[in-house]
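Heads up, the thing below is written out as structure tokens.
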Amino acid sequence: MAKLLPWLIASAFFMQGLDGTIVNVALPQMAVDLHQHPLQMQAVVIAYLLTVAALIPVSGWVSDRFGARHIFPLAIALFTLGSLLCALSPTLILLVISRIVQGIGGALMVPVGRLVVLRAYPRAQLVRVLSFVTMPALVGPLIGPTLGGWLVEALSWHWIFLINLPVGIVGAIVAWRMVPDFQREHPQRFDTLGFLLFSFSMLAISLSLEGLSDLHLSITTVLLILVLGVASLTTYWVRSMKVEAPLFAPSLFAIRTFSVGILGNIFARLGNGALPFLIPLVLQVGLSLSPATAGMLMIGVTLGAIVAKPLAQPTLVRLGYKRTLVINTLLLGLLIMSLALLSPATPHWLIMGHLFVLGVVNSLQFTAMNTLTLIDLQGDNAASGNGLLAVVMQMSIGMGVSSSAALLNVFTHDDAQQTLSAFAATFICVGGMAMLAALIFLQLRPGDGRVKARKK
């Protein structure tokens, strides 16, 4: 049974990796069925991202408190139930609620699965097993756009959720029998109030951005929600300096590489986090391509990301983190801006080539930012910093989708011919937001991270 455990966890990682890309391709068809505008479907994406971001901090404690054998099968079951509810949703509101259920399962499934691997295998086998279970998370995004486009054209958008059911049902049953019951007798006390303050702040800040696009709230209401979110976040950090075991330790920000990495992640992901949402929309709504064709072109991004993986380490060792991140961030912003040049006359091979280069640069950006953020963390700070990075990644992507949707709403007019122009203006703004991160990475010193990179 121990030999099957990595396969079980890998299948869970595959489901979540696939879901992250397959949904975006189907958004225009969902909009038609649910009687919504295609450019106002971002809530389907944001609801999942925010739910995952909000619950990541609690995943480790829940696993320690109730045992991995109970939580991991429950996570798979919730993700599967959410998938079924998504397929059965007749309205946008019910679809968003179903995505939240799915997000609860996803928030527990991957972190708890990773914890099971860490505790079930000796250190000598850890790299091999972790590499195996995370590989499907890379394969999922590779086939997601194409599979999603084909399912939408051949069947309907409902099937992008229904394909999770057989894997999820079998996975939950097998997990209940196979996963070891790792459970601590005396788990650390959970910072409940800190968790509530932090989660509310994320929700409020994201809701304020969403209010400008889909909810059509007044500027006064949006500002009020934003102020409440910032006040909640400030209260959390002030309180965290006084409690014994805060959700995230404030001492993390005394480490320069961590501070720069976190802030850089926020601004960079505001730009590139919007791309999985914007690119399928511009291909289908702006260029009037079929879902299958759009899905095929999207493969360029994932192929570029895979090609870039072995290039990241030599680049960082040769150039260092500061030069790599400053140059790559500016290049990333320019590539995003250049998507404004897309038109119905653009050859498909050129679009895929453009997306391939974007995937290479994007992957190098993620690798460099994440490594920089964690490279100087030690001891208890490593777990806390890794958790905060995971939350920031999910939250920033959600905010990127919200802000790009708000920009689309501002630039879109009633004239359908203006849609492509609205996308162009949005890409220029989003690329500019991504380039702002270069100012943050300029705060690094030339030698930051360089010595540790060489030791890998």
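A simple spin-label model places pseudo-atoms 7 Å from Cα toward Cβ; at Ile327 and Leu165 they are separated by 5.2 nm.
Stretched out straight at 0.36 nm per residue, the stretch from Arg318 to Arg177 would grow longer than its current Cα-Cα span by 46.0 nm. Taking only protein heavy atoms and a 1.4 Å probe, the accessible area of region 281-434 is 68% carbon and sulfur.
Among 64-75, 262-273, 88-99, the peptide with the highest mean count of other Cβ atoms within 10 Å heads the list, and the full ranking is 262-273, 64-75, 88-99. Each peptide in 277-287, 163-173, 419-429, 338-348 gets a packing score, the mean of other Cβ atoms within 10 Å over its residues, and the list from highest to lowest is 277-287, 419-429, 163-173, 338-348. Per residue, region 1-113 exposes 33 Å² of accessible surface when a 1.4 Å probe is rolled over the protein heavy atoms with every protein chain present. Taking Cβ atoms as reference points and 11 Å as the exclusive limit, the residues near Ser89 contribute a net charge of 0, counting Lys and Arg as +1 and Asp and Glu as -1. Is the shape of region 239-332 best called rounded, prolate or oblate, per the rule: a/c under 1.5 gives rounded, else a/b larger than b/c gives prolate, else oblate, with a ≥ b ≥ c the square roots of the Cα gyration tensor eigenvalues? It comes out oblate by the Cα gyration axes.
Here region 1-79 and region 319-376 have alpha carbon centers that stand 26 Å from each other.
The values are calculated or read from the model by the stated rules, or taken from the named source; none is laboratory data. For clarity, every value in this text was computed on a predicted model and none was experimentally measured. Here Cβ is always computed from backbone atoms with ideal geometry, including for glycine, and neighbour counts include all displayed protein chains. With ligands, DNA and RNA removed, areas are computed over all heavy atoms of the protein, side chains included. Shrake-Rupley method; radii C 1.70, N 1.55, O 1.52, S 1.80 Å.
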